[in-house]
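What follows is a set of notes on a single structure, which appears directly below.
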Amino acid sequence: MKKYRLIAFLLLSAMLFSACGTQSVVIPDVQGDDSANPPSGDEPIVPSHPSILPIDPPSDPVDPPDPVDPPDPVDPPDPVDPPDPVDPPDPVDPPDPVDPPDPVDPPDPVDPPDPVDPPKPTYPQKVTFLAAGDNILHEAVFTDAMQQANILASTGSFSKKYYFGGMYDPVAALIATADISFVNQETPVAGDDFGVYGYPLFNGPEEIGNALIEAGFDVVNLANNHMLDMDRKGTGLYNTIRYWNDKDILQIGGYLNAADYENIRMMEKNGVKIAFLSYTDVMNGDYTPNKAQSDVVIPYADKSVMARQVAAAKALSDVVIVSMHWGSENTEAVTDTQKSYAKYLAELGVDVILGHHSHTIQPVEWVQAGDGHKTLCYYSLGNFLSTQHPIKNLVGIFASFTIALQEDGSVKIEEAKAIPHLTWYSTKRDNLKIMLLSDVSEADIRSHGSQLRTAQNGGTFTLSDVYAIVERVLDKKFLD
Ligand SMILES: [Zn+2]
């Protein structure tokens, strides 16, 4: 290829030389091969054809630039290796299960403290006792209770029909202070179906029970001459017993049947066991029981029964207290029958006799048995609450004594006292209240409703007259 291009070049150059004149052009002999006789280098080349001037050979043809080699193909970049797959994170191991805490050993069982010996009772063990006489709901009493209830109702503080509380308030603290307190409930509570009645055949409203309990009484006696007032066949008594048995108070003297009669009523206080028996020597009317309706027992005073029951009571208790409804009404004199029973009970070993029924106070004495045993006998406590007349019927006493149980099991009755009280009411026979006699003033006596009826008989009475009643009946050693 280069050879042809050279020839072409030479031809072109010759043509150009010819056209231009004098320019010598050296034309190589291209007719023969002079290679057999190459010219020396010193000798000018003389063209063989004189018309052809030798021409200088063109400068060396510029070699075309070497073809640029195409760039080496760029090697495609090495494929980028995909990133190594990221290994998923190693699964997180769930936390090791927390071991439950080691079970805590239960604390060593604490040895129970050595059993503490119960404190030894210090002897003598003592129980203070208070007893009130006849709680009689005369008509004026429950009429006043209704009036008091109406007054309270007007203030919105009471909704019952009868309110007896105010009558007991002045002595309630004393009643409540005693370890055990007793009252003779002379009026049945046979139920409202029977109606409410005063003298002579009584039936009290049901509000009376709570009033006595709230006043502080612990024992209520039902054995008295009015226990059959509502029904000689026993239905009213049966209702009355059931009424009191449902109350938070120890009921004595009312017995539903023969078995109940032999069930000795007991109370324990301060470690002292006390048995209660109850009899009545008087009764209004004959008891003609209707067995179909009731098997109630009337605890009539009967020495054989007393002997049996006192023996049973002594076996169960440290001290025996007997309630006796006996004697004659409205007299301060003790009857022979009372004395006979008192002596008999002393011989049986009874410790205390709580007498009532006369509606007046009667003496207190120690009744001595053949073996030397002494029985404290209150022949009559008089009326506790009533509107009876005259004034001696409005004076009563609290029996007050202390039962002292000795270490050898024997009992002493100590501090035997009689605490006089008076039922006060206005000239309208209302605003009843039981007052300790020591709290009664001359003014209270002057305004006492009982003065009206006394005046009708041409008289009057003073505070000294009231004290005189107490002092003529009771031995001073039983009065403070
Ligand atoms: Zn009576």
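The values are calculated or read from the model by the stated rules, or taken from the named source; none is laboratory data. What you see is a predicted model; the values in this text were computed from it and never measured. In this analysis, Cβ positions are derived from the backbone assuming ideal geometry, glycine residues included, and neighbour counts consider all displayed protein chains.
For region 220-255, which positions are assigned to a strand (DSSP E or B) and within 16 Å of the ligand (Cβ to nearest atom)?
Filtering region 220-255 down to residues assigned to a strand (DSSP E or B) leaves 220-221, 250-252, 255.
Hits for region 220-255 are Val220, Asn221, Ile252.
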Can you find a residue that is over 19 Å from Thr240 (Cα atoms), in a helix (DSSP H, G or I), away from the ligand (no atom under 16 Å from the Cβ) and of a type in the set (D, E, K, R) anywhere in region 287-306? yes
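Can you name every residue in region 250-274 that is small (Gly, Ala, Ser) and within 16 Å of Pro124 (Cβ to Cβ)? Let's see the steps before the verdict.
Start the filter on region 250-274 by keeping residues that are small (Gly, Ala, Ser), which leaves 253-254, 258-259, 271.
Answer for region 250-274, where residues must be small (Gly, Ala, Ser) and within 16 Å of Pro124 (Cβ to Cβ): just Gly271.
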Being among the basic types (Lys, Arg) and within 19 Å of Asp134 (Cα to Cα) is the filter here; which residues of region 377-434 pass it? Lys392, Lys417, Arg429, Lys433
Tabulated pairs, region 468-480, first not assigned by TED's automatic domain parsing to the domain that holds Leu376, second basic (Lys, Arg) and loosely packed, with under 13 Cβ neighbours inside 10 Å, C-beta under 6 angstrom, 6+ apart or interchain: none
Val350 being in a loop (DSSP other than H, G, I, E, B), touching a residue at least 40 places away in the same chain (Cβ under 8 Å) and within 46 Å of the chain's Cα centre (by Cα): yes
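Quick check on region 353-372: of everything there that is assigned to a loop (DSSP other than H, G, I, E, B) and in contact with a strand residue (DSSP E or B) (Cβ under 9 Å, 6 or more places away or on another chain), which residue is nearest to the ligand (Cβ to nearest atom)?
In the first step, residues of region 353-372 are kept if they are assigned to a loop (DSSP other than H, G, I, E, B); the result is 357-360, 362-363, 369-372.
Okay, now just the ones that are also in contact with a strand residue (DSSP E or B) (Cβ under 9 Å, 6 or more places away or on another chain), so 357-360, 362-363, 369.
Details: His357: 4, Ser358: 8, His359: 7, Thr360: 11, Gln362: 13, Pro363: 18, Ala369: 27 Å.
Checked region 353-372; the qualifying residue nearest to the ligand (Cβ to nearest atom) is His357.
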Considering only residues that are of a type outside the set (A, V, I, L, M) and either in a strand (DSSP E or B) or closer than 19 Å to Ala307 by Cβ (or both), which ones fall in region 256-268? Tyr261, Glu262, Asn263, Arg265, Glu268
For Ser340, are the conditions met, namely being assigned by TED's automatic domain parsing to the domain that holds Ser410 and within 16 Å of the ligand (Cβ to nearest atom)? no
Within region 184-198, how many residues are assigned to a helix (DSSP H, G or I) and either over 38 Å from the mean Cα position of the chain (by Cα) or within 16 Å of the ligand (Cβ to nearest atom) (or both)? 1
